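J.: One structure, as structure tokens, below. Some questions next.
The values are calculated or read from the model by the stated rules, or taken from the named source; none is laboratory data. Quantities reported herein were computed from a predicted structural model and do not represent experimental measurements. Cβ placement follows ideal geometry from the backbone for every residue including glycine, while neighbour counts extend to all protein chains displayed.
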Amino acid sequence: MILSVNISLLQLVMDDFLEQLIRIMEETALPARNLCLEITESVFTDNYAPIKDKLKKIRSLGIKVAIDDFGAGYSSFAREEELRVDCLKLDKFFIDKLLSQNPGDAVTGDIIAMAHKLGHCVIAEGVEQEIQKRYLTAYGCDLMQGYLFSRTLDSDEAVAMLRDADIISAES
């Protein structure tokens with residue numbers, strides 16, 4: 001199980017962000033391999049050299065990094081490749097389209113294939129119906145999230161779920 005946490009650009013650029021992140025992980029006994037930081041595609045809008053360096057440090061700790069809402073605004077495969085993220089999280093727009101268009105006309109599978117060719121895992125957000133899950137599975141989507149699997153959890157519920165799955169210890 002992976003705990004995905006949305007991080008804003010403002011949080012990411014804070015000088016003490018890494019120290020705070022490491023402290024929280026130690027306090028909760030959350031292994032780095034079970035954490036994925038989701039960063040909105042707004043990282044593509046500014047001078048992102050400092051962001052690129054910080055993401056490299058985060059990944060060196062074993063934490064996964066995903067670009068959230070990929071494909072819905074500023075993101076591009078060319079710019080994303082420079083940041084060297086682990087995963088692309090497909091915007092819900094592409095997942096919702098699977099309910100209204102012929103599967104052969106959907107570009108979602110093509111985006112998954114392109115992301116895989118660039119060495120990224122793909123996370124689908126907003127999966128709410130079995131038909132979406134079947135399509136995404138058929139096209140090799142790596143991870144899915146949405147109400148089909150779980151409702152949104154607050155921090156206490158998320159920690160309890162991680163404890164139940166033996167990802168973090170009961171003492172945390």
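J.: Looking at segment 119-172 only, could you name the residues that are outside any loop (DSSP other than H, G, I, E, B) and in contact with an Asp or Glu (Cβ under 6 Å, 6 or more places away or on another chain)? Give the steps one after another, and end with the answer.
T.: In the first step, residues of segment 119-172 are kept if they are outside any loop (DSSP other than H, G, I, E, B); the result is 121-124, 130-138, 143-144, 155-164.
Across segment 119-172, the qualifying residues are Cys121, Val122.
J.: I'm told Ile123 meets every condition in (1) buried (at least 17 other Cβ atoms within 10 Å of the Cβ); (2) of a type outside the set (Gly, Ala, Ser); (3) more than 24 Å from Met25 (Cβ to Cβ) except one. Can you identify the failing condition by its number?
T.: (3)
J.: Just give me the residues in segment 29-53 being assigned to a helix (DSSP H, G or I) and either surrounded by fewer than 17 Cβ atoms within 10 Å (Cβ to Cβ) or modelled with pLDDT under 85 (or both), in sequence order. Show your work before the answer.
T.: Of all residues in segment 29-53, those assigned to a helix (DSSP H, G or I) come to 32-34, 41-44, 49-53.
If the condition is that a residue be assigned to a helix (DSSP H, G or I) and either surrounded by fewer than 17 Cβ atoms within 10 Å (Cβ to Cβ) or modelled with pLDDT under 85 (or both), then Ala32, Arg33, Glu41, Ser42, Val43, Phe44, Ala49, Pro50, Ile51, Lys52, Asp53 are the ones that fit.
J.: Further, regarding this structure: Which numbered condition trips up Ala72, out of (1) closer than 20 Å to Gly146 by Cα; (2) modelled with pLDDT of 85 or more; (3) not in a strand (DSSP E or B)?
T.: It fails just one condition, (2).
J.: Can you tell me which residue is surrounded by the most Cβ atoms within 10 Å (Cβ to Cβ) among those in segment 1-28 that are more than 19 Å from Leu88 (Cβ to Cβ) and in contact (Cβ under 8 Å) with a residue 60 or more places away in the chain? Steps first, answer last, please.
T.: Of all residues in segment 1-28, those more than 19 Å from Leu88 (Cβ to Cβ) come to 1, 10-11, 13-28.
Filter once more, keeping what is in contact (Cβ under 8 Å) with a residue 60 or more places away in the chain: 1, 27-28.
Working: Met1: 9, Glu27: 9, Thr28: 19.
So, considering only residues that are more than 19 Å from Leu88 (Cβ to Cβ) and in contact (Cβ under 8 Å) with a residue 60 or more places away in the chain, the one surrounded by the most Cβ atoms within 10 Å (Cβ to Cβ) is Thr28.
J.: Could you grab me the full set of residues in segment 112-139 that are in contact with a helix residue (DSSP H, G or I) (Cβ under 7 Å, 6 or more places away or on another chain) and within 22 Å of Leu37 (Cα to Cα)?
T.: Initial filter on segment 112-139 (in contact with a helix residue (DSSP H, G or I) (Cβ under 7 Å, 6 or more places away or on another chain)): 114, 118, 122, 124-127, 132, 135, 139.
Matches in segment 112-139: Met114, Leu118, Val122, Ala124, Glu125, Gly126, Val127.
J.: I need the full set of residues from segment 126-170 which are surrounded by 15 or more Cβ atoms within 10 Å (Cβ to Cβ) and over 12 Å from Ile95 (Cα atoms), in order please.
T.: Tyr139, Asp142, Leu143, Ala158, Val159, Met161, Leu162, Arg163, Ile167, Ile168
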